[in-house]
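Following: one structure in structure tokens, then a few remarks.
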Amino acid sequence: MAELRRPLIAGNWKMNGLRQDSLLRVENIVTALSKISNSTFETLICPPATMLGMISSSIKGSEIFLGAQDCHPASSGAYTGDISAEMLADIGCSHVIVGHSERRLAHSETNKIIFEKASSAIAANLIAIICVGESADQKADGQTKNVILSQLSASLPPHSTSANMIIAYEPIWAIGTGVTPNKYDVQEIHSMIRENLSGIVSSANANQTRILYGGSVKPSNAYEFLSLPDVDGALVGGASLNWEDFMAIAACCLDRE
């Protein structure tokens, strides 16, 4: 991985956790990170919306960033049950995930909607983590590259830069299944994403944009992915619910060449 791209280890808790266990998990992460005297990687946690205020307070003074799992495209309005990017920034978030496959599939979110959410996030001074990835059927049909490039070109706002946007490649067939692509395929996809970003956000921004890998990341395979030249961190799902596993994944950044 290029020296100019500091890796990010992000934990997406999805719809998991109540106050007591979530607070304990965060306290353990804060303690573990305090024992690592380095600036090798950044740490981000994305809990359910119900935990954002509590966790914002509990990580105050640490180097942990707080992120949300989604936002609404509008800054305010009659959208019962939704949360705007401005509200997330107000409560202490610095990042927000948009376009996760679980949102694209379960909520029928299109590239256009992802584009609008990413635009709203950036306008609120949040870093948008824009997810892309192919399904098992699309992979079987040899459409992986076409799908990802289509998602990239249609989901990224024109004012995206390496400072306000991160890409997360998450093959849908690998999420929560325990099955992962081999490291050569991951590097090929990440390299392709970076190359095509050049035509969207400029070569300079493309070279500095962090591209995360997500999809059944765990301590036993994290180093293999994090050691790849175009993998700039991980978007961790299930393993982020165990603070020891999450920190073991993060620790792989310390040993990268």
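The values are calculated or read from the model by the stated rules, or taken from the named source; none is laboratory data. Only a predicted model underlies this, so the values are computations on that prediction, with no experimental measurement involved. Please note: Cβ atoms are built from the backbone with ideal geometry, for glycine as well, and neighbour counts cover all protein chains shown.
Taking the options 163, 154, 118, name whichever one is at pLDDT 95 or above and within 20 Å of residue 12 (Cα to Cα). Just one listed residue meets the conditions, 118. If you check 232, 245 for being touching a residue at least 40 places away in the same chain (Cβ under 8 Å) and either of a type outside the set (Val, Ile, Thr) or under 21 Å from residue 48 (Cα atoms) (or both), only one passes: 232. Taken over region 123-137, the criterion of being surrounded by fewer than 18 Cβ atoms within 10 Å (Cβ to Cβ) and either within 18 Å of the chain's Cα centre (by Cα) or among the polar types (S, T, N, Q) (or both) is satisfied by 125, 135. Selection of region 223-251 for residues being assigned to a helix (DSSP H, G or I) and surrounded by fewer than 23 Cβ atoms within 10 Å (Cβ to Cβ) yields 223, 224, 238, 239, 241, 243, 244, 245, 247, 248, 251. Scanning region 1-28 for residues that are more than 18 Å from the chain's Cα centre (by Cα) and closer than 22 Å to residue 216 by Cβ yields 17, 25.
Here is a yes/no grid of residues against (1) more than 27 Å from residue 238 (Cβ to Cβ); (2) of a type in the set (A, V, I, L, M, F, W, C):
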{"site": "106", "(1), (2)": "no, yes"}
{"site": "127", "(1), (2)": "no, yes"}
{"site": "146", "(1), (2)": "yes, no"}
{"site": "149", "(1), (2)": "yes, yes"}
{"site": "153", "(1), (2)": "yes, no"}
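Within region 130-162, the set of residues being in contact with a Leu (Cβ under 9 Å, 6 or more places away or on another chain) and under 16 Å from residue 110 (Cα atoms) comprises 130, 131, 132, 135, 152, 156.
Per the conditions (1) assigned to a helix (DSSP H, G or I); (2) more than 29 Å from residue 124 (Cα to Cα), the sole criterion not satisfied by residue 181 is (1).
In this structure, is residue 134 in contact with a helix residue (DSSP H, G or I) (Cβ under 7 Å, 6 or more places away or on another chain) and among the acidic types (Asp, Glu)? Judged against the criteria, residue 134 is a match. Reported count of residues in region 139-178, each being of a type outside the set (S, T, N, Q), in a helix (DSSP H, G or I) and closer than 20 Å to residue 225 by Cα, is 6. Quickly run through region 120-136 and pick out the residues that are part of a loop (DSSP other than H, G, I, E, B) and either small (Gly, Ala, Ser) or within 14 Å of residue 157 (Cα to Cα) (or both). Within region 120-136, 124, 125, 126, 133, 135 qualify.
Can residue 163 be described as under 15 Å from the mean Cα position of the chain (by Cα), surrounded by fewer than 21 Cβ atoms within 10 Å (Cβ to Cβ) and under 22 Å from residue 84 (Cα atoms)? Judged against the criteria, residue 163 is a match. Does region 21-41 hold any residues that are among the charged types (D, E, K, R) and touching a residue at least 60 places away in the same chain (Cβ under 8 Å), and which are they? Of everything in region 21-41, just one residue is among the charged types (D, E, K, R) and touching a residue at least 60 places away in the same chain (Cβ under 8 Å), namely 25. Applying the condition of being touching a residue at least 60 places away in the same chain (Cβ under 8 Å) and of a type outside the set (Val, Ile, Thr) to region 163-177 and asking which residue is nearest to residue 202 (Cα to Cα) yields 168.
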